[in-house]
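First comes the structure, then the notes that go with it.
Nothing in this text is a laboratory measurement; each read-out follows from the coordinates by a stated rule. Just so it is clear, the model here is predicted, and its values are computed rather than measured. No Cβ is skipped: glycine too gets one built from the backbone with ideal geometry, and neighbour counts run over all protein chains shown.
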Amino acid sequence: MPELAEVEWFRKQWDAGRGREVIDVKALSSKYVFRGTDGNALRQNLIDQKLLRSKRSGKQMLFEFSGDNWLGIHLGMTGKTRVESSDFQSGKHDHLVLCQRERALVFNDPRQLGQVRFHHGEDKPDWWKDRPPEIDSREFDQKFFNEFLGRHRKAPIKAALLMQSGFPGIGNWMADEILWRAKVLPSKRIHKLTARERSAIFRATKWVVRRSLETLGKDFSDPPKSWLIHQKWKRGGICPIHRTPLRHATVAGRTTAWCPKCQR
DNA sequence: CAACCTGTTCGCCA
DNA sequence: ATGGCGAACAGGTT
């Protein structure tokens, strides 16, 4: 489910617990989502600590706690964070519950392709360092964009858009939305793109990210009806511009929708 | 029962 | 050494 804008919304859900102590931790640490993490250390360290703040980088979330404790959550395909009341009883796929006196902060992930990581130390965890620039920042500029594409000349443009090291936060629906707006066929190889097409993709990337943060990222509301996302999953989906039936195929290993009239 | 899935990582191959 | 691609991960839904 979650790409950049949805992850931003899920990150903010736990803001309700900022400044408050964790009094108990329920962690099903044998589960796949805890791979590579010491569930006991997580439990021992987080109890009695306060949630201080959180950050997002691409699709990654980092929650900082007092006492030099850091909790990383990646939502994968089906992960969600939410808040429940303090007497909440955890359900089947609620793998991690941080209990506070006033509420419970819950991480749920049926499919478990997400990941929970824990780090204790003064400095941020290694896996949070050397992140690529946020698309919605000045550091994500034409130079960075062109250099990244230059390293993947033979790949279809959609494959590059899905690479988190170059387009942090972009996922399947945002990639299709960007290429539809830029009027570029998702399967087009990067070395075949014209300068004009590259520039259109750069601008559409920034635009889709900014606009989806203003809707989905802010209050989980739908982007405008004119967006491709509303059509891409439906049977009989049409181009929002002139109602041409969308085409579907697997590109870069993922289901892809595009308008055969707009995108060439 | 089979195919599919808004994500990432691994191993194989060029 | 680097880049491209298919499979695997786990469990639910169509």
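Enumerate by residue number the trypsin sites (Lys or Arg not before Pro) in segment A:57-95 meeting two conditions: DSSP loop (anything except H, G, I, E, B), and at most 15 other Cβ atoms within 10 Å of the site's Cβ.
A:K92
Could you check the spin-label model distance between A:K218 and A:W128? Points 7 Å from the Cα along Cα→Cβ, value in nm.
Roughly 2.8 nm, to one decimal.
Give the list, by residue number, of cysteines in chain A with no other Cys Cβ closer than 4.7 Å, or say none.
That list is A:C99.
Over 30 Å between C-alpha atoms is what I'm after, so list which of A:K192/A:K232; A:K59/A:K225; A:K80/A:K143; A:K55/A:K234; A:K50/A:K143; A:K26/A:K55 land there.
A:K80/A:K143; A:K55/A:K234; A:K50/A:K143
Within segment A:59-121, report the GluC sites (Glu not before Pro) that DSSP leaves as loop and that have at most 14 other Cβ atoms within 10 Å.
For GluC sites (Glu not before Pro) across segment A:59-121 that sit outside H, G, I, E and B with at most 14 neighbouring Cβ atoms in 10 Å, the list reads A:E102.
Highest mean first, how do A:50-57, A:139-146 rank when packing is the count of other Cβ atoms within 10 Å averaged over residues?
So the order, starting with the most tightly packed, is A:50-57, A:139-146.
Whole angstrom only: what separates the Cα centroid of segment A:74-143 from the Cα centroid of segment A:11-37?
What the calculation gives is 8 Å, centre to centre.
Work out, step by step, the length gained on full extension between A:Q142 and A:N40: first 0.36 nm times the residue separation, then minus their alpha carbon distance; give nm to one decimal.
Difference between extended and current length: 32.2 nm.
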